[in-house]
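The next block holds one structure in the form of structure tokens; read it before the comments.
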Amino acid sequence: MKDILLPNLSKVLFDRSPSVRKQLVQTTGSWLEHIDELRQFEAALLPLFLSGIADESPDVQSFCLTFLDKLSVKWQQTEEGAADMDITDDDASAYVESPPFLRRPGRGAIRLVQRLLGTVLPSLLDQCSDWTALTRQKAASILRVVLILAEDAVNAHVDKILTALAKSCRDEEASVVEAVAGSMQIVGRHGHADLVFSLLLPLAAGRLAGQDTPHHRTNGLVLLSMAIAGMEAPRILPHMEVYPEE
């Protein structure tokens, strides 16, 4: 599975035919739904499945969203013992729409992604700086979907996410920059504002050892702008009087 099947399935992400990419969603989703023996490969299969939500085809997106709803019911039953991942109905009422999600994803999907986040992120973040632009764009697009589902669990990984996306936030390919911006907006939405500012402002101001070049400062400003674009005003305003003095 790990050495043969998964690497070949990953190539299907880039197939030109929407029907083929839709079948990838069907295949990986069915495995996640029915084959309990594959649970050890959940972290590898999940990004392949969620690629459907990041797909450029509305039909593939819609199919994957519907399938995710079905999987979420199953996952809620298997993940309900995770006491440290309590999700309340109050969270749903405060949910901000994140297209193509028209409503808050199911609890089961959120819980599963939160549990697997630390395992899923390293590979995705590495791919965000891959040598091929298409891989960078695809990885950043899938990352956005993962971060939407992870919600406030992103806070434990914000530093790693920022470090990775700093490498491609000013990519020469506009599609990559757009995908990175989408991910950073979700970081801004779900991440604690004080944490995001505390990590990005020193970079933008050139106060980090070895990262005080114009290149690093510009990256910090670009990431900061992208993150703020995802924040609601009430979360930004309290910091406006604090940070200008630094």
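The values are calculated or read from the model by the stated rules, or taken from the named source; none is laboratory data. For clarity, every value in this text was computed on a predicted model and none was experimentally measured. Please note: Cβ atoms are built from the backbone with ideal geometry, for glycine as well, and neighbour counts cover all protein chains shown.
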Kindly indicate the residue of the range 3-42 that is exposed (fewer than 10 other Cβ atoms within 10 Å of the Cβ) and under 18 Å from Ala54 (Cα atoms) and also modelled with the highest pLDDT among those meeting that condition.
-> Arg16
Yes/no for Asp194 being assigned to a helix (DSSP H, G or I), over 20 Å from Pro99 (Cβ atoms) and of a type in the set (D, E, K, R) = yes
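Table: residues versus (1) out of contact with any helix residue (DSSP H, G or I) (no Cβ under 8 Å at 6 or more places or on another chain); (2) over 13 Å from Ile186 (Cβ atoms).
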position: Arg111; (1), (2): no, yes
position: Trp131; (1), (2): yes, yes
position: Ala139; (1), (2): no, yes
position: Leu143; (1), (2): no, no
position: Ile148; (1), (2): no, no
position: Glu151; (1), (2): no, no
position: His157; (1), (2): no, no
position: Leu162; (1), (2): no, no
Among (1) at pLDDT 95 or above; (2) of a type in the set (Val, Ile, Thr); (3) surrounded by fewer than 23 Cβ atoms within 10 Å (Cβ to Cβ), where does Ile236 come up short?
-> (1)
Considering only residues that are in a loop (DSSP other than H, G, I, E, B) and of a type in the set (D, E, K, R), look in the range 51-110 and name the one that is modelled with the lowest pLDDT.
-> Asp86
Those residues of the range 108-123 which are buried (at least 20 other Cβ atoms within 10 Å of the Cβ) and either among the β-branched types (Val, Ile, Thr) or within 20 Å of Lys11 (Cβ to Cβ) (or both), in sequence order = Ile110, Val113, Val120
Answer with yes or no whether Leu46 is among the aliphatic types (A, V, I, L, M), modelled with pLDDT of 95 or more and surrounded by 14 or more Cβ atoms within 10 Å (Cβ to Cβ).
-> yes
What about Ser129, is it in contact with a Lys or Arg (Cβ under 6 Å, 6 or more places away or on another chain), modelled with pLDDT of 95 or more and not aliphatic (A, V, I, L, M)?
-> yes
